[in-house]
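> Below you'll find the structure I mean.
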């Protein structure tokens, strides 16, 4: 019973949010269909008039024309109605962000469970950015005790992409990294989330001694899996990138292992053209992790630059 309820809830969520990523058909297609149906109606009237006037041959010709036009017109209208029902009404940008905020709260709780930590185990870090509060317009927050985890999220490819009325890019799949600094080690939980259903995928945990962490930075990589033409919710939000470059946040350890999340997208041929993503404040996160590493390693060097560049 519980499983059925969860499946039903996931399906309802999919039905709702798939509309956000579906392209709304052009109203011109409906107008064309209605014009064809109108022509079919006129041809039918002419055919009836021909039959009344005892012009059977012309009546048959116009009747066949009316039938052909009618089939074409109603077929096009049916296809338009079906596509429109799949795309409208769309959830608002705020509704999508609020749902993602709730997902992040769930993922943080999952991370703490998988890592075997409580909030009292976490070190307090000088990083106040709360992506949950930002996404939910202050309606929700990451639970905090003595310390709190740092959360970084970004698109996980392949994914469907849409640009909202506010010009922000949103995705059907996200990668989430939860960084949990304790007094003796850095614990990291990563997972992918299918935004359309809320289901988690590819969960993994890493735990490192602070001395093993050798780099915290952003790097650029080709965006080979990115759809360059996302669904645009308004003409002003249409974006076309011939090729893309992804900016990735990375935590690298001495063994060469690295945990990474995409935090930026730019046009490869024009790096100044960047996609507007949901706010991550990645530079603040990087600065906070670096301060924590310096403190734990006993260093006193001044803060380094918080991020890389395209």
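> Taking a ≥ b ≥ c as the square roots of the Cα gyration tensor eigenvalues, with a/c under 1.5 meaning rounded and otherwise prolate when a/b beats b/c, else oblate, which class fits the chain?
Taking the square roots of the gyration eigenvalues as a ≥ b ≥ c, the chain is prolate.
> If you don't mind, there's one more thing I want to ask. Gap in Å between the Cα centre of region 50-105 and the Cα centre of region 154-224?
Rounded to whole Å, the Cα centres lie 40 Å apart.
> So how do 155-165, 129-139 stack up, highest first, on mean other-Cβ count within 10 Å?
Descending packing order for the listed peptides: 155-165, 129-139.
> Also, I was wondering about something else. With a 10 Å radius around each residue's Cβ, average the other Cβ atoms per peptide and rank 81-91, 248-258, 172-182, highest first.
Ranked by mean Cβ neighbours within 10 Å, highest first: 172-182, 248-258, 81-91.
> While we're looking at this one, here's another question. Between residue 11 and residue 92, how high is the FRET efficiency from 1/(1 + (r/R0)^6) when r is the Cβ-Cβ distance and R₀ = 25 Å? Nearest 0.05.
It comes out at approximately 0.75.
> Could you work out the helix-only [θ] at 222 nm for the chain, with each DSSP H run of four or more residues adding -39,500 (n - 2.57) and the total divided by the number of residues, to the nearest 500 deg cm²/dmol?
Computed ellipticity for the chain at 222 nm equals -13500 deg cm²/dmol.
> Let me ask something else. What is the ratio of the Cα radius of gyration of region 27-87 to 2.2 N^0.38 Å, with N the residue count, to two decimals?
1.35
> Going by average Cβ density within 10 Å per residue, which order do the peptides 191-200, 48-57 take, highest to lowest?
So the peptides 191-200, 48-57, ranked by packing, come out 191-200, 48-57.
> Note down the relative contact order for the chain as a percent, whole number, built from C-alpha pairs under 8 angstrom at least six residues apart.
Averaging sequence separation for qualifying contacts and normalising by length gives 14 percent for the chain.
Bear in mind these aren't lab numbers, they're just calculated from the coordinates by the rules spelled out. What you are looking at is a predicted structure, and each value in this text was computed from that prediction instead of being measured. No Cβ is skipped: glycine too gets one built from the backbone with ideal geometry, and neighbour counts run over all protein chains shown.
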